[in-house]
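Undergrad: Below you'll find the structure I mean.
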Amino acid sequence: MREVAAFAMDWRHEAEWTQGIRTAELTRQADGGGFGIGAEVTRTAYFLGKRIDYVLRVAADEPPRLLDMVSVVGPMPMHVTYTFTPTPDGGTLARIRVQGDASGLYGLAAPFMARKVRSSLVKDLRDLEQRLSGP
């Protein structure tokens, strides 16, 4: 579990396994330095063919089981939570939850966006599993 969580929770690996993310950069360190509560990661992503730049601030960081982030800059309010739990067979159950406020113009497309986000998250988790399970 620790290996999976360490890889997935490290912002330097986001573009390697997260659908649509092209770049991720630590643009504000945590109060104690480095990555942790209060740190901010600026992401450039493409969603439905459109470039989206946003900043996520770490709200909770409890390795290896939880990383919780909220958007502080971006096209809409967003909350992203990664959780990791061990499985009985020695594996890892990884989950990603994305909550957003699709009001205004985004509200019209909310049902479609929700399906697309869900599909992307499934692919992200599959890509994470393939990357870390080896040949």
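The values are calculated or read from the model by the stated rules, or taken from the named source; none is laboratory data. All values reported here derive from a predicted model rather than from experimental measurement. Please note that ligands, DNA and RNA were not included when accessible areas were found on the heavy atoms of the full protein model with its side chains. Shrake-Rupley method; radii C 1.70, N 1.55, O 1.52, S 1.80 Å.
Undergrad: Note down the relative contact order for the chain as a percent, whole number, built from C-alpha pairs under 8 angstrom at least six residues apart.
TA: Working: 234 pairs, mean separation 24.7, N = 135.
It rounds to 18 percent for the chain.
Undergrad: At q = 0.11, 0.29 Å⁻¹, what base-10 log of I(q)/I(0) does the Debye formula yield for segment 7-74 when every alpha carbon is treated as an equal point scatterer in vacuo?
TA: For the requested q values the scattering log ratios are -0.24, -1.38.
Undergrad: Let me ask something additional. Once neighbouring chains are kept in place and the probe is 1.4 Å, which whole percent of the accessible area of the chain is contributed by carbon and sulfur?
TA: Working: 4290 of 7960 Å².
The C+S portion of the solvent-accessible surface of the chain is 54 percent.
Undergrad: With the convex hull built on the Cα atoms of segment 1-44, state its orientation-averaged projected area in nm².
TA: On the way: hull surface 13.2 nm².
In nm², the orientation-averaged hull projection of segment 1-44 is 3.3.
Undergrad: Kirkwood Rh, Cα Rg: Rg to Rh for the chain? Before the final figure, lay out each step's value.
TA: Working: Rg = 14.9 Å, Rh = 15.5 Å.
Ratio of gyration radius to Kirkwood radius: 0.96.
Undergrad: Ignoring ligands, DNA and RNA, what accessible area per residue does segment 1-66 give at 1.4 Å, in Å²?
TA: Ligands and nucleic acids excluded, the figure is 54 Å² per residue.
Undergrad: Tell me which residues come under 5 Å, amide H to amide H, from PHE47 once H is placed; ignore anything under 5 positions away on its chain.
TA: It is ILE52, by chain and number.
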